[in-house]
Amino acid sequence: IKLFEPLGMRATLDASTLDESLIMPISRVLPYKKGNDVTITKLGRTPLKQPDPLRHFGHTAGAMYTDAPSLARLLTLIGSGGVIDDKRLISAEMMTEMTKVQSSTPTRTYGLGLVLLTRPGISEHRLLGHQGFAYGCVDGAFIEESTGRMVIFLNGGASEAREGKLGLVNKDVLTWAFRKEFPEWM
């Protein structure tokens, strides 16, 4: 509420508030069989009165349901250091913490709530954003820290046959966007 409403986002953390007709079904593609569409689970249709880590799996992994234009508003806020439309919605101190390395794995670096990508093969600039994969979905929302260029992809048809390497789809999409697609627009 503290971000969604001021940003004018169509977003919620509670799937029970959503109009079922506005939710895109997810198709699993390993192998695809009619009737294997995944929709919000029954648990996800139960009102979420408070966070419940023991039953979190019934909701999206990050617990946020939104659309691409709303993600663009959120990325714009992150890329502008917490200020949008001349309003500060995230303090400068919190933005510093969000964009500072908090932890890392051999393949990924994390801030607070953000994936921080420093990969010259993808972009000359650091990328701030997030990604997710489950049930054949490979999603990502990233903004270049210095340029403000952003990529949002919501892909509900990625093959799970990649043996758990759905993240490679994100890498391929980001590399295509920042190395090929954007330069051709200029």
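The values are calculated or read from the model by the stated rules, or taken from the named source; none is laboratory data. On a predicted model such as this, the values are computed, not experimentally measured, just so you know. Cβ placement follows ideal geometry from the backbone for every residue including glycine, while neighbour counts extend to all protein chains displayed. Side chains included, ligands, DNA and RNA excluded: accessible areas come from the protein's heavy atoms. Shrake-Rupley method; radii C 1.70, N 1.55, O 1.52, S 1.80 Å.
Things worth noting here:
- The lone exception for THR66 - which of (1) at pLDDT 95 or above; (2) of a type in the set (S, T, N, Q); (3) farther than 23 Å from PHE178 by Cα it fails: (1)
- Applying the condition of being modelled with pLDDT under 90 and aromatic (Phe, Trp, Tyr) to region 134-175 and asking which residue is least open to solvent (accessible area, probe 1.4 Å) yields PHE153.
- Only one of the listed residues (ARG108, ARG73) is within 19 Å of THR175 (Cα to Cα), open to solvent by 30 Å² or more (accessible area, probe 1.4 Å) and not small (Gly, Ala, Ser). That residue is ARG108.
- Selection from region 81-105 of residues that are hydroxyl-bearing (Ser, Thr, Tyr) and either over 25 Å from LYS171 (Cα atoms) or surrounded by fewer than 16 Cβ atoms within 10 Å (Cβ to Cβ) (or both): SER91, THR96, SER103, SER104, THR105
- Complete set of residues in region 112-133 that are under 15 Å from the mean Cα position of the chain (by Cα) and crowded, with 18+ Cβ neighbours inside 10 Å: LEU114, VAL115, LEU116, LEU117, LEU127, LEU128, GLY129, HIS130, GLN131, GLY132, PHE133
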